[in-house]
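Novice: Sharing a structure with you now.
The values are calculated or read from the model by the stated rules, or taken from the named source; none is laboratory data. None of these values were measured; they are calculated from a predicted model. When we count neighbours, we look across all protein chains shown, and the Cβ atoms used for this are built from the backbone with ideal geometry, even at glycine. Note: areas computed on protein heavy atoms with side chains; ligands, DNA, RNA excluded. Shrake-Rupley method; radii C 1.70, N 1.55, O 1.52, S 1.80 Å.
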Amino acid sequence: MSSTFVGMPAFPEAARTAVDDPTLRGNLRHATHTIRAKRAAAVAELADWGGLREAGRRIKDHTLRHLDRYLERLEASVTAAGGTVHWAADADEANRIVAELVKETGESEVVKVKSMATQEIGLNEALEAEGIRAYETDLAELIVQLGKDRPSHILVPAIHRNRGEIRDIFTHEMAAWGRPAPGDLTDTPADLAEAARLHLREKFLRARVGVSGANFMVAETGTLVVVESEGNGRMCLTLPETLISVVGIEKIVPTWRDLEVFLQTLPRSSTAERMNPYTSMWTGTTDEDGPRAFHLVLLDNGRTDALADQVGRQALRCIRCSACLNVCPVYERAGGHAYGSVYPGPIGAILTPQLRGTASEIDASLPYASSLCGACYEVCPVAIDIPEVLVHLRERVVEGGPAVRRGNKVVLRPARGHAAERAAMRAAAWAFGHPGALRTGQRLASRSRRLHPRTLPGPGRAWSGTRDLPTLPPEPFRDWWQRTRGGKDAK
């Protein structure tokens with residue numbers, strides 16, 4: 001499968017297929033519940049978690065307000081340290097830059113650190129089209145790549161696979177990519193990890209070009225930071241002669257000191273650890289150690305469009321911890337593939353429609369891929385109010401209106417299939433603006449409640465097909481209040 005998710009159906013259709021897969025649901029339920037419980041315990045250890053969360057929010061909001069200034073400072077710092085900065089307005093430009101840099105080295109293969117940004121732009125496919133093979137070195141990403149699959153989780157891309165499936169993938173596919181899996185491979189975690197370790201070791205030692213993303217970029221010093229749990233990232237960042245990092249422009253923080261906050265909140269929210277086993281930082285190049293050439297590709301790809309939206313821009317605070325996925329009842333049942341994006345779950349439901357727009361069927365449906373329960377907001381370490389943004393994007397889908405696309409102000413047309421919803425919302429707005437009409441309607445609804453159907457007709461079936469219609473009371477609240485209290489507060 002392609003990681004570009006071309007031709008995906010709308011979320012409800014894709015989710016329906018996932019919900020009917022008992023194996024998938026079992027894998028997701030076990031994994032998300034386990035991670036969720038461990039995260040809660042790790043967070044509970046910090047008495048100042050609320051303060052750290054608020055500090056992270058403020059740092060990110062400040063940075064986004066002054067993003068132009070900090071990006072220019074980052075460029076100057078990276079250049080002064082011996083690196084080269086490239087600016088990419090979109091995925092095509094970023095892919096072209098990376099492909100040209102690899103070709104200049106004369107190499108035809110690269111090793112990769114797990115990177116959401118390179119997944120977002122479809123870098124592996126773009127490099128393959130140029131005759132360059134990219135090898136994923138993160139264990140979960142390796143499973144996805146060997147299985148010709150797509151990632152389904154931000155932190156654990158192969159969360160939808162169980163141990164037996166992974167063993168079969170290694171047995172049947174590893175030989176085509178390098179060292180084959182042992183003939184007697186079992187499905188025990190230790191054996192699977194050892195098979196991956198032996199398979200990847202030869203690639204680490206042979207590779208001359210590494211490709212990475214970054215969790216953070218420090219404008220003050222030009223330092224890039226990658227946090228990981230396996231050590232593969234450090235191998236990719238230190239052994240190759242050339243390192244190319246593709247990073248979204250929102251990953252920047254102003255100063256070295258700002259890292260203190262995020263290096264506490266990210267590991268606890270993602271892997272439920274007090275600190276990441278491997279925290280790698282590099283600043284430019286040095287003659288004594290590490291790559292001799294370092295290139296930083298700063299990726300926009302819709303981020304400045306999102307920045308122009310005063311409500312939606314808070315999605316750019318995201319530090320990719322995936323905590324929101326692990327508490328989301330919708331993600332737990334539908335899985336990541338149904339979202340049609342490398343960013344699944346609640347954060348994907350608000351980030352993807354801003355980066356890609358809402359013109360396609362799948363992107364227009366993502367803001368509705370939520371119950372609005374608010375669990376995602378409660379666990380977010382940078383306090384992104386995901387329900388608020390979801391409602392905001394739903395309004396954009398239904399009503400259209402002003403937006404920014406590719407840096408230009410445009411007026412979006414309402415998406416198809418929402419005429420009945422628009423009519424219902426306008427009727428509700430009129431009724432709430434006319435108290436007499438609202439009171440009359442409430443009385444009629446209460447008195448005829450025994451005649452009400454259990455499901456809605458017409459377009460309303462999409463809503464009542466998965467929900468029970470609320471039972472109306474025998475009388476409206478206003479009438480009850482007038483009858484029992486006489487319209488006055490009891491003393």
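Novice: Among the residues of segment 181-198 satisfying the criterion of being under 29 Å from the mean Cα position of the chain (by Cα) and not hydrophobic (A, V, I, L, M, F, W, C), which is most open to solvent (accessible area, probe 1.4 Å)?
Specialist: My answer is ARG197.
Novice: Here is a check on your reading of the model: is THR137 in contact with a helix residue (DSSP H, G or I) (Cβ under 9 Å, 6 or more places away or on another chain), β-branched (Val, Ile, Thr) and closer than 25 Å to VAL382 by Cβ? Show your work before the answer.
Specialist: Working: in contact with a helix residue (DSSP H, G or I) (Cβ under 9 Å, 6 or more places away or on another chain): yes; β-branched (Val, Ile, Thr): yes; closer than 25 Å to VAL382 by Cβ: no.
No: the conditions fail for THR137.
Novice: For segment 116-166, give me the residue count where each residue is open to solvent by less than 10 Å² (accessible area, probe 1.4 Å) and of a type in the set (S, T, N, Q).
Specialist: 3
Novice: Restricting attention to segment 99-121, which residues are more than 14 Å from the chain's Cα centre (by Cα), more than 22 Å from ARG197 (Cα to Cα) and not polar (S, T, N, Q)?
Specialist: Result: ALA99, GLU100, LEU101, VAL102, LYS103, GLU104, GLY106, GLU107.
Novice: Restrict the check to segment 20-34 and report whether at least one residue is touching a residue at least 12 places away in the same chain (Cβ under 8 Å) and hydroxyl-bearing (Ser, Thr, Tyr).
Specialist: yes
Novice: So which helices (runs of 4 or more DSSP H) stay within segment 312-398 end to end and still have 2 or more residues that are modelled with pLDDT of 95 or more and open to solvent by less than 10 Å² (accessible area, probe 1.4 Å)?
Specialist: It comes to 323-327, 345-356.
Novice: Further, regarding this structure: So which of ALA44, ALA31 is within 20 Å of the chain's Cα centre (by Cα) and either small (Gly, Ala, Ser) or modelled with pLDDT of 95 or more (or both)?
Specialist: Answer to the check: ALA31.
Novice: I want to confirm something. Restricting to segment 78-89 and keeping residues that are of a type outside the set (Val, Ile, Thr) and either without any contact (Cβ under 8 Å) to a residue 12 or more places away in the chain or touching an Asp or Glu at 6+ places or on another chain (Cβ under 7 Å) (or both), which single residue is surrounded by the fewest Cβ atoms within 10 Å (Cβ to Cβ)?
Specialist: That would be ALA89.
Novice: Further, regarding this structure: Name the residue, out of ALA369, ALA403, ALA424, ALA359, that is more than 20 Å from GLY302 (Cα to Cα) and within 25 Å of the chain's Cα centre (by Cα).
Specialist: None of the others qualify; the one that does is ALA369.
Novice: Among ARG96, ARG73, ARG57, which is the only one that is without any contact (Cβ under 8 Å) to a residue 40 or more places away in the chain, among the basic types (Lys, Arg) and on the phi < 0 side of the Ramachandran plot?
Specialist: Values: ARG73 fails: without any contact (Cβ under 8 Å) to a residue 40 or more places away in the chain; ARG57 fails: without any contact (Cβ under 8 Å) to a residue 40 or more places away in the chain.
After ruling out the rest, the residue left standing is ARG96.
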